[in-house]
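The values are calculated or read from the model by the stated rules, or taken from the named source; none is laboratory data. Treat the numbers as computed from the prediction; the structure is a model and nothing was measured. With ideal geometry, Cβ positions are generated from the backbone for all residues, glycine too; neighbour counts draw on all protein chains shown. All accessible areas refer to the heavy atoms of the entire protein, side chains included, with ligands and DNA or RNA removed. Shrake-Rupley method; radii C 1.70, N 1.55, O 1.52, S 1.80 Å.
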Amino acid sequence: MSRPRTILVTSALPYANESLHIGHLVEYVQTDVWVRFQRLCGNRCIYVCASDAHGTPTMLRAEKEGIAPDQLIAKVVAEHQRDFATFRISVDNYLSTHSDENQALTETIYKKLTAAGHITRRTIRQAYDDQKKMFLPDRYVRGTCPRCGKPGQYGDSCENCSAIYSPLDLVDPVSVLSGTRPVVRESEHLFFRLSAFTERLRAWVSAHVDAAMARKLEEWFTAGLEDWDISREAPYFGFPVPGEPGKFFYVWFDAPIGYMASFQNLCARKGLDFDTFWGPDSQAELYHFIGKDIVYFHSLFWPAMLEGAGYRKPSGIFVHGFLTVDGEKMSKSRGTFIKMATYARHLDPDYIRYYYAARLGPGIDDIDLNFADFTAKVNADLVGKLVNIASRCAGFVQRLNDGMLAAELTNRALFDEFAAAAAAIAEDYEGRDFARAMRRIMALADRANQYIDEQKPWVLAKNPKSAHDVVAICTLGLNLFRSLIVFLKPVIPGVAERAEKLLGGATLVWSDVERPLLGHRIARFEPLLQRVEPEATQRIIEDERGATTAMTSEGIAAKAAPTGGTAPAKAEETVEIDLELFSKIDLRVARIAAAKLVDGADKLLELTLELGDGARRTVFAGIRGAYDPAILTDKHVVVVANLKPRKMRFGTSQGMVLAASGDGTGVFLLSPDAGAAPGMKVR
């Protein structure tokens, strides 16, 4: 028997400025299933994570809520920990990058890199907000991506094509703080000499990153790796750079160090040895699970930092794709930008864990959550196939033999067939081809149900003399069910725990598929899982849509900016209005007949709207940083139709289009569902 492996696993760190949503969950399910499988096989597998606390998004959210950043972090980290527990993500330690451990490690690594000659200084040209009198960190600038032309992108990277650039490279850049166009000023920054590691990184990537991503990274090697700007000017929420007044570490410098810090925090609590996992001579395995949008940071910057500072590099980088919902990007207006907490109010987390696993392969393809397919697959596989086996067999054993299983199997060959499948399923889990593993497991579930159908214990049970045969048949059926539960335990831990209680309470491990459970008393059968009703998924969407559109008047007015006014940097106190006043607001569906840029206005678009009455209206909307006018024609929006016209130097704005935004995530026009027509009243 091979020796147990020693493994440290991490997931990418979610921002401490936002709630976790079902898109995040793809990564946490993928990581947790792999971790649980390793533990089930007897390997020592430690899983750490943390909230990414520093940088612009946290500053913006804290300013909006009128609280200090560390207060926001504490609140959001507690929320993240709650969601991890709810979805049974078996993380061993969850910290924040705004921790003493991370600050100490960040300073240590910086000093080691400096001493080794890997840090240089350079005067750079930087975006500056002349109105706010401050240099603008990358994410305080938004504009059109210089590579793919996608509008509304942040100043450090494009969410659409993953290009890395500086804020000055953006087309039509706008300050998030003031809405004005930034000017250019010079300042001295610190750089990590990434280019010096080019050839060593090239060799490391080919051996430690999946082939598809290695080919993508080769594009950067071919273009030439550039040195990496690791400092930012005050004001900036992050760790101060030692010996550099007014300078702070860029969030992406200290964020991956958060993996080490979270583990160090665990070491202090559990008496583990840090160097066994992170030292240059470490024999432990180290894997990072990440999304394809942050491959550049994890596969180039991070291993170079580790090598330059004298630490070991990862054993592998595991990359996954994104999530779409019903074939489209998650949308707040459609209610498909679903928070994990919203989902958990309506359905068991094991349902979506299984659905994701059934679609996750080892590659970077996106996966789609189709709610109709979700309902059908969960009901067919987990309820109709898996749980059905236990419900068909346990009652007969309880009624005919006081819950005692038979002393031997009637068909050992069938049991052995299931045991023999363990090797292939284990290989699938190890290679993160969970979809193939689920197909193999459900094929076995079909085989088990076929056996029960052929034996017809419900017919035999009518004859008291056949009680022994019925118990024997159902004993084998429950043993096949037990093997399936072992195979699925990494994916549906909640169902597995309830199944373990049914089977007598013992905690199942991977090797249990080799040994049948015989002459053992089982518990009385209780439902292990309920069917998913289509109404449940609709309630999730309605719940999320209601939360998204319950915006304050400040939130709508500031971000939609229909008259070109500047959005305030800090949220104002919510003002309550009564139903009578609200009923006076005439919300209508409108079609955008035309959209164009406004000369002399950095953030306005001029929209020509049709409201179904034959007439057209002109509305000026502050959405230039988020939308290319060319893609807005024929789009349906919601407009305040009875807003008093306002004269501006560009013309007269005859209404307000509604948009949602928050936490620096961008501006999103509110759109009605398909079928809504111009002129319809929004109720």
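Checking the conditions here, which among 427, 417 is of a type in the set (Asp, Glu), open to solvent by 50 Å² or more (accessible area, probe 1.4 Å) and under 30 Å from residue 287 (Cα atoms)?
Of 427, 417, the one residue that is of a type in the set (Asp, Glu), open to solvent by 50 Å² or more (accessible area, probe 1.4 Å) and under 30 Å from residue 287 (Cα atoms) is 427.
Could you check the stretch 487-530 and list, in sequence order, the residues that are at pLDDT 95 or above, within 20 Å of residue 354 (Cα to Cα) and open to solvent by 50 Å² or more (accessible area, probe 1.4 Å)?
Within the stretch 487-530, 497, 498, 509 meet the criteria.
Out of curiosity, is residue 624 of a type in the set (D, E, K, R), at pLDDT 70 or above and under 21 Å from residue 337 (Cβ atoms)?
no
Going through 453, 446 one at a time, which residue ends up being more than 20 Å from residue 400 (Cβ to Cβ), assigned to a helix (DSSP H, G or I), within 44 Å of the chain's Cα centre (by Cα) and charged (D, E, K, R)?
Just a single option satisfies the conditions, and that option is 446.
Given the criteria open to solvent by 10 Å² or more (accessible area, probe 1.4 Å), at pLDDT 95 or above and charged (D, E, K, R), does residue 462 qualify?
Criteria not met by residue 462.
Condition first: out of contact with any Gly (no Cβ under 9 Å at 6 or more places or on another chain), assigned to a strand (DSSP E or B) and buried (at least 20 other Cβ atoms within 10 Å of the Cβ). Now tell me which residues in the stretch 158-176 satisfy that.
Within the stretch 158-176, 175 is the sole residue that qualifies.
A quick yes/no check of all residues on (1) open to solvent by less than 10 Å² (accessible area, probe 1.4 Å); (2) touching a residue at least 12 places away in the same chain (Cβ under 8 Å); (3) of a type in the set (Phe, Trp, Tyr); (4) closer than 24 Å to residue 356 by Cβ:
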| residue | (1), (2), (3), (4) |
| --- | --- |
| 281 | no, yes, no, no |
| 290 | yes, yes, no, yes |
| 302 | yes, yes, yes, no |
| 308 | no, yes, no, no |
| 314 | yes, yes, no, yes |
| 319 | yes, yes, no, yes |
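Mind listing just one residue for me: the one in the stretch 474-497 that is within 22 Å of the chain's Cα centre (by Cα) and among the aliphatic types (A, V, I, L, M) and, of those, nearest to residue 401 (Cα to Cα)?
492
Please work out which one of (1) at pLDDT 90 or above; (2) surrounded by fewer than 23 Cβ atoms within 10 Å (Cβ to Cβ) is the condition residue 609 fails and give its number.
Result: residue 609 passes all but (2).
For the stretch 22-44, which residues satisfy the criterion of being open to solvent by 10 Å² or more (accessible area, probe 1.4 Å) and touching a helix residue (DSSP H, G or I) at 6+ places or on another chain (Cβ under 6 Å)?
If the condition is that a residue be open to solvent by 10 Å² or more (accessible area, probe 1.4 Å) and touching a helix residue (DSSP H, G or I) at 6+ places or on another chain (Cβ under 6 Å), then 40, 41 are the ones that fit.
Only one residue in 268, 196, 261 is aliphatic (A, V, I, L, M), closer than 21 Å to residue 312 by Cβ and open to solvent by less than 30 Å² (accessible area, probe 1.4 Å), so which one is that?
Of 268, 196, 261, the one residue that is aliphatic (A, V, I, L, M), closer than 21 Å to residue 312 by Cβ and open to solvent by less than 30 Å² (accessible area, probe 1.4 Å) is 261.
Determine which member of the set 422, 394 is touching a helix residue (DSSP H, G or I) at 6+ places or on another chain (Cβ under 6 Å), small (Gly, Ala, Ser) and more than 19 Å from residue 27 (Cα to Cα).
The conditions single out 422.
In this structure, is residue 16 aliphatic (A, V, I, L, M), at pLDDT below 95 and in contact with a Leu (Cβ under 9 Å, 6 or more places away or on another chain)?
Yes: the conditions hold for residue 16.
If you scan the stretch 107-139, which residues turn out to be assigned to a strand (DSSP E or B), at pLDDT below 95 and surrounded by 13 or more Cβ atoms within 10 Å (Cβ to Cβ)?
Within the stretch 107-139, 124, 126, 127, 128, 129, 134, 135 meet the criteria.
Just give me the residues in the stretch 153-212 being within 27 Å of the chain's Cα centre (by Cα), farther than 20 Å from residue 248 by Cα and without any contact (Cβ under 8 Å) to a residue 24 or more places away in the chain, in sequence order.
Passing the criteria: 153, 158, 160, 161, 163, 206, 207, 211.
Can you give me the ranges of the helices (runs of 4 or more DSSP H) entirely in the stretch 328-428 with at least 2 residues that are within 23 Å of the chain's Cα centre (by Cα)?
Answer list for the stretch 328-428: 340-344, 349-357, 371-378.
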